[in-house]
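Derivation of every value follows stated rules applied to the coordinates shown; laboratory data play no part. Keep in mind it's a predicted model, so treat the numbers as computed, not measured. Don't worry about glycine lacking a Cβ; one is built from the backbone with ideal geometry, like all the others, and counts go over all protein chains shown.
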Amino acid sequence: MRTTIDLPNDLFRQVKSKAALRGETLKEFVQSAIEKEISAEAPPSSFRVKLPLIKSKKPKTLSLTNAEIENLLA
C-alpha cells in the first residue's frame with residue numbers, strides 16, 4: 001500500500017542519512033521503524049501499589065524481626 005507522509009525537511013534529511021548509513025532504502029528504514037514501534041511493549045500502567053508504612057523511632061533505620069513484620073501486615 002502506498003501512502004504519503006509529510007516530514008519537516010530537517011527530519012527527512014536525518015532519516016534519509018540514517019537509512020543510507022545502514023545500507024537501507026528510505027522505504028525499508030521507515031517500515032522497520034514502524035514495525036518496531038508497533039511491536040514495542042505497552043508502557044506500564046501508572047497505578048501505585050499502596051504498601052503499609054511502618055514508622056521508625058530513628059529515621060532511615062528500622063530493625064524488625066519476621067514475627068514483628070507478620071504482626072504489622074496482619
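With both labels modelled 7 Å from their Cα along Cα-to-Cβ, the residue 31 to residue 70 distance reads 6.2 nm.
Counting other Cβ atoms within 10 Å, which chymotrypsin sites (Phe, Trp or Tyr not before Pro) in region 11-50 have at most 12 and lie in a DSSP loop?
47
For residue 18, a cut-off of 17 angstrom between C-alpha atoms picks up these lysines, skipping any fewer than 8 places away in its own chain: 27, 36. Around the Cα centre of the chain, unit charges on the Cβ atoms of Lys, Arg, Asp and Glu (plus for the first two, minus for the last two) sum to a dipole of about 420 debye.
If exposed trypsin sites (Lys or Arg not before Pro) are those in a DSSP loop with at most 15 other Cβ within 10 Å, what is the longest stretch of the chain that has none?
Here the longest run is 23-47.
The computed volume of the Cα convex hull per residue in Å³ for the structure shown corresponds, within (i) 256; (ii) 223; (iii) 74, to (i). Annotation: lysines with alpha-carbon distance below 22 angstrom to residue 50 (same-chain offsets under eight excluded): 60.
Of all aspartates and glutamates in the structure, those lying under 16 Å Cα to Cα from residue 16, and not within fewer than 8 positions of it along the same chain, are 6, 24, 28. Before rounding to the nearest 500, sum -39500 (n - 2.57) across all DSSP H runs of length at least 4 in the chain and divide by the residue total; then give [θ] at 222 nm in deg cm²/dmol. The helix contribution divided over the chain gives -14500 deg cm²/dmol.
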